[in-house]
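Nothing in this text is a laboratory measurement; each read-out follows from the coordinates by a stated rule. Please read all numbers here as calculations on a predicted model, not as lab measurements. Please note: Cβ atoms are built from the backbone with ideal geometry, for glycine as well, and neighbour counts cover all protein chains shown.
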Amino acid sequence: MKRFWIVLIAASLLALYCGKKAIIRKYYILEIPGSASMRDSVETICLPIHVDVRDFQISRAINQTRIALKTKSHELSYYFYHHWAVRPSVSIADMVYQIASHQQCFQRLVRGYSSRPDYFITGVIENLERDETGKKVTVHFAAIFELIDAKSNVSIIRHRFDRMESYQNPKSMNCLAGKASHILYEETFTFLNKISDHLKENPEAASR
């Protein structure tokens, strides 16, 4: 009789466990918006310089794959089941590289480190989080992009943005990733156009 009850309890627990919907982690990517189709363009010809696109630095508070959630002015939480598929320090640099490569901005473009580049692109990610401190749910995305002279290690172009924008279906983390991707897409074009304008005004900087 005792064995019967043990088997019955075990079977009940197994049925209860199997009946529950599996809870899985979900991963989100930053990518060029499908609606964009690279229709924008950088106002330049292919510049005769060699450029590396290197990983970005990232603030310690968001230096992880778990997506950050801000609910109070000085309080951050982290989702357990919602993650970035790739660390933002890498995925943001990847997307900058993809856009610059498609636009053929530079004679030679390398993702990572190459021998004797003229310049390299990098930056700092200051904020990338879901923000619920206001009346609307927003994505808060702030970063600094820099073009650095590889010989002198001096920053030539610096582009900073700090945007908080609402998005369709605020309950959807997929929509959050989509809005963050759209912001990154726009800001990358602004940054590349700044590079183009600077090198047009300073042709000696484009002749290495």
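Quick notes on this structure:
- Over 23 Å (Cα to Cα) - which of Lys135/Lys194; Lys26/Lys72; Lys135/Lys171 fall in this group: Lys135/Lys194; Lys26/Lys72
- Rounded FRET efficiency, nearest 0.05, which uses the C-beta distance separating Arg116 from Phe161 and R0 of 25 Å: 0.25
- Cα-projected label distance for Asn202 with Glu31, points at 7 Å along beta-carbon direction, nm: 3.7 nm
- Taken one residue at a time, the phi angles of the range 190-200 give Karplus couplings (6.51, -1.76, 1.60, θ = phi - 60°) of 4, 5, 5, 5, 5, 4, 4, 4, 5, 6, 5 Hz. Gly and Pro are set to x.
- The average projected area of the range 24-206, computed from the convex hull of its Cα atoms over all directions, is 11.1 nm².
- For the pair Ser101 and Tyr81 in one chain, pulling the backbone fully straight at 0.36 nm per residue adds 3.9 nm over the alpha carbon distance.
- Vicinal HN-Hα couplings computed from phi for the range 126-141 (Karplus, 6.51 cos²θ - 1.76 cosθ + 1.60; Hz; Gly/Pro x): 8, 9, 7, 7, 7, 10, 10, 7, x, 6, 10, 6, 10, 9, 9, 10
- Residue separation of Asn174 and Gln57 scaled by 0.36 nm, minus their Cα-Cα distance, works out to 39.7 nm of gained length.
- For the range 168-176, Karplus couplings with θ = phi - 60° (6.51, -1.76, 1.60), whole Hz, Gly/Pro x: 4, 6, x, 7, 8, 6, 5, 5, 4
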